[in-house]
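A.B. asks: Shown below is the structure under consideration.
The values are calculated or read from the model by the stated rules, or taken from the named source; none is laboratory data. Note that the structure is predicted; figures quoted are calculated from it, not measured. Using ideal geometry, Cβ is built from the backbone for each residue, glycine included, and neighbour counts are taken over all protein chains shown.
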Amino acid sequence: MSSVLAPLPSSPSALRNRAVIADALAEILPAGLTGISETSTLLEIASGTGEHAVHFVERLPQWTIQPTEATAEACAQIDRRVLESAAPRVERAKVLDVTKKPWPVERADAVLTINMLHASLPETLPGLMEGAASVLPAGCLLVTYGPYRIDGRHTSPSNEDFDAWLKRERDPRWGVRDFEEVCAEAARCGLVFERRIAMPANNFVLVFRR
């Protein structure tokens, strides 16, 4: 008797934001790197359901996407989504915890993380920056997406409410991070801030260069 696989989890936020993030990446990545080849690798940190990866690969024909997640179970779900979607140029997901060194990836032509920093412990920020600096060659990019406080203030009442909800319902150490803190930690690791792009729903794309 054959077993029936449970439905894969889906992220409403990923379904809402994947198109606009893909538009931003299509602009940033080709213009931000030189010598892009068919084998250029975009390392996605905290890939979640994998819905971003299978969507982005259609918009980024010069890139192979390497998804990652913190657990083997999450990686298996990503691999199943990739298989079922028949998405090209998406590698098998790797278990990666940004706070644990060394990362299981030696090199990437760009690093991407979406909605991770606010939904994680404070040590995730230095872990991300140190790890990205260790795998990116000189001149390559780290791209982050999510909400940030700017000059110590939330950019909207909804972000302030979201920050309070994260601390109350998830973990008091979680929360919307300061843009200036993120830039300072990046600079400590040799990553230079280049651009801040305003996105829908009071989010930002931040671009750093190694």
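A.B. asks: Would it be correct to say that Val176 is closer than 17 Å to Val98 by Cβ, at pLDDT 95 or above, hydrophobic (A, V, I, L, M, F, W, C) and surrounded by 13 or more Cβ atoms within 10 Å (Cβ to Cβ)?
C.D. replies: no
A.B. asks: Show the residue pairs meeting these rules: Cβ distance below 6 Å; 6+ apart or different chains; first residue within the range 172-185 and among the acidic types (Asp, Glu); second residue buried (at least 19 other Cβ atoms within 10 Å of the Cβ) and in a helix (DSSP H, G or I).
C.D. replies: Close Cβ pairs (under 6 Å, with a partner that is buried (at least 19 other Cβ atoms within 10 Å of the Cβ) and in a helix (DSSP H, G or I)) amount to Glu185/Leu125; Glu185/Met129.
A.B. asks: Pick from Ala164, Ala87: which is over 14 Å from the mean Cα position of the chain (by Cα) and part of a helix (DSSP H, G or I)?
C.D. replies: Exactly one residue qualifies, and that residue is Ala164.
A.B. asks: Has the range 33-44 got at least one residue that is closer than 24 Å to Val98 by Cα, over 15 Å from the mean Cα position of the chain (by Cα) and at pLDDT 90 or above?
C.D. replies: yes
A.B. asks: Anything in the range 36-64 that is assigned to a strand (DSSP E or B) and within 19 Å of Ser10 (Cα to Cα)? List them, or say none.
C.D. replies: Glu44, Ile45
A.B. asks: Of the residues that make up the range 65-77, is at least one modelled with pLDDT of 95 or more, in a helix (DSSP H, G or I), closer than 20 Å to Pro9 by Cα and touching a Lys or Arg at 6+ places or on another chain (Cβ under 9 Å)?
C.D. replies: Checked the range 65-77: at least one residue is modelled with pLDDT of 95 or more, in a helix (DSSP H, G or I), closer than 20 Å to Pro9 by Cα and touching a Lys or Arg at 6+ places or on another chain (Cβ under 9 Å).
A.B. asks: Just to verify a result, which residue in the range 179-210, among those that are closer than 19 Å to Gly127 by Cβ and aromatic (Phe, Trp, Tyr), is surrounded by the fewest Cβ atoms within 10 Å (Cβ to Cβ)?
C.D. replies: Ranking the candidates gives Phe193 first.
A.B. asks: Please state which one of Pro172, Pro137, Pro102 is outside any helix (DSSP H, G or I) and farther than 24 Å from Ala53 by Cβ.
C.D. replies: Unique residue meeting the criteria: Pro172.
A.B. asks: Additional query: Are there any pairs, at least 6 apart or on different chains, whose C-beta atoms fall under 7 Å, with the first in the range 94-113 and over 17 Å from Pro126 (Cα atoms) and the second among the acidic types (Asp, Glu), and if so, which?
C.D. replies: Val95/Glu69
A.B. asks: Next up: Which condition breaks for Gly146 when tested against (1) under 20 Å from Leu29 (Cα atoms); (2) buried (at least 18 other Cβ atoms within 10 Å of the Cβ); (3) more than 16 Å from the chain's Cα centre (by Cα)?
C.D. replies: That leaves (3) as the condition not met.
A.B. asks: Kindly provide the set of residues from the range 71-97 that are of a type in the set (A, V, I, L, M) and surrounded by fewer than 17 Cβ atoms within 10 Å (Cβ to Cβ), ordered by number.
C.D. replies: Ala72, Ala76, Leu83, Ala86, Val95
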